[in-house]
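The values are calculated or read from the model by the stated rules, or taken from the named source; none is laboratory data. Quick caveat, the model's predicted, so the values are computed rather than measured. For accessibility, only protein heavy atoms count, side chains too; no ligands or nucleic acids. Shrake-Rupley method; radii C 1.70, N 1.55, O 1.52, S 1.80 Å.
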Amino acid sequence: MSACRVTHGLGGSAKGLTIGISTIGAAMMLALAPELTESSTGEVAVPAAVSSAGDGETGEAPPKPAREAEIVVQGDPSRGEPLEQLNVEGFRATQKVDRAVFGPVARTYGKSVPRPIRKGLRNFLTNLREPVVAANYLLQLKVGKAGETLGRFAINSTIGVAGVFDQAKRKPFNLPRRRNGFANTLGFYGVKPGPFLYLPLIGATTLRDIVGNVVDQMAAPSVTVPPFDQSQYIAPVGVLTALDARNEFDQELERRRAGGDPYGTTRKIYLERRAAEIEALRNPRRSKPALPPE
């Protein structure tokens with residue numbers, strides 16, 4: 001309700017912000033993950049919020065309280081993390097919600113929707129983000145990559161049946177799918193990540209990545225073709241994207257939770273990946289972060 005009132009007061013210019021607020025939990029799960037991140041050099045990577053918790057697809061019963069106590073870390077001073085206690089609380093809260101709601105819903109989605117349909121939907125949703133990716137390559141003065149991304153968008157939106165099939169990556173086009181966003185643009189121009197944060201229902205992120213993703217959410221309606229620039233399309237897109245990513249990342253989450261320090265592992269993977277992605281943008285010949293499997 002408050003978001004609606006703000007939008008009404010600010011006028012149409014706040015449309016993107018309202019959409020971003022309404023879907024930010026789901027969208028940032030996808031955009032800010034350690035393994036499935038909407039970032040610098042490739043396509044879709046896995047949600048940070050996802051990386052918080054979740055039962056595997058094995059159908060095992062939820063962990064007992066004792067195991068839950070093992071998973072929730074109490075903080076490690078050697079990490080040098082100013083907001084660690086707050087982050088640990090966010091990690092704990094996200095685990096609880098994931099066990100109770102998001103994990104079961106995502107697994108139900110994965111079991112009830114055939115894989116080819118999920119892949120086609122994933123391609124379609126990714127195609128909708130291509131204009132934002134291209135816009136950020138232009139901001140980074142990477143005209144060639146911006147052109148390739150727009151070429152991908154045109155090819156997949158037509159002969160790829162609205163992006164359901166990724167024809168652009170196949171011969172004779174051979175146009176790779178890349179991740180990019182305003183957080184990467186900030187990093188490209190030297191803006192430091194700022195403090196690490198683990199926010200309830202959003203997951204692992206940094207101050208720079210929060211700002212960047214909010215800007216991307218606000219810009220999306222401006223660069224996306226109608227009718228997919230409307231809130232009735234964008235909000236479900238964020239939800240479906242997060243569900244699909246959570247389902248795809250389920251087994252990795254189970255392995256991470258079985259480790260001794262899942263919070264520390266999540267933090268380490270997220271920060272290292274983001275640093276590698278920014279470095280790959282700034283020095284593409286020196287480093288190329290490995291992309292997650294599709």
Point to revise | Accessible area in the full protein assembly, largest first, 1.4 Å probe, for Phe124, Phe173 | key: Phe173, Phe124
Practice item. Could you list which residues have their amide H under 5 Å from that of Thr206, counting only those 5 or more apart in sequence or on another chain, with H placed in the peptide plane? Key: Leu197
Review point. Any idea what % of Cα-Cα pairs in segment 81-238 are farther than 27 Å?
Key: 37
Practice item. Of the listed pairs Lys111/Lys169; Lys119/Lys171; Lys119/Lys268, which have alpha-carbon separations greater than 24 Å here? Key: Lys111/Lys169; Lys119/Lys268
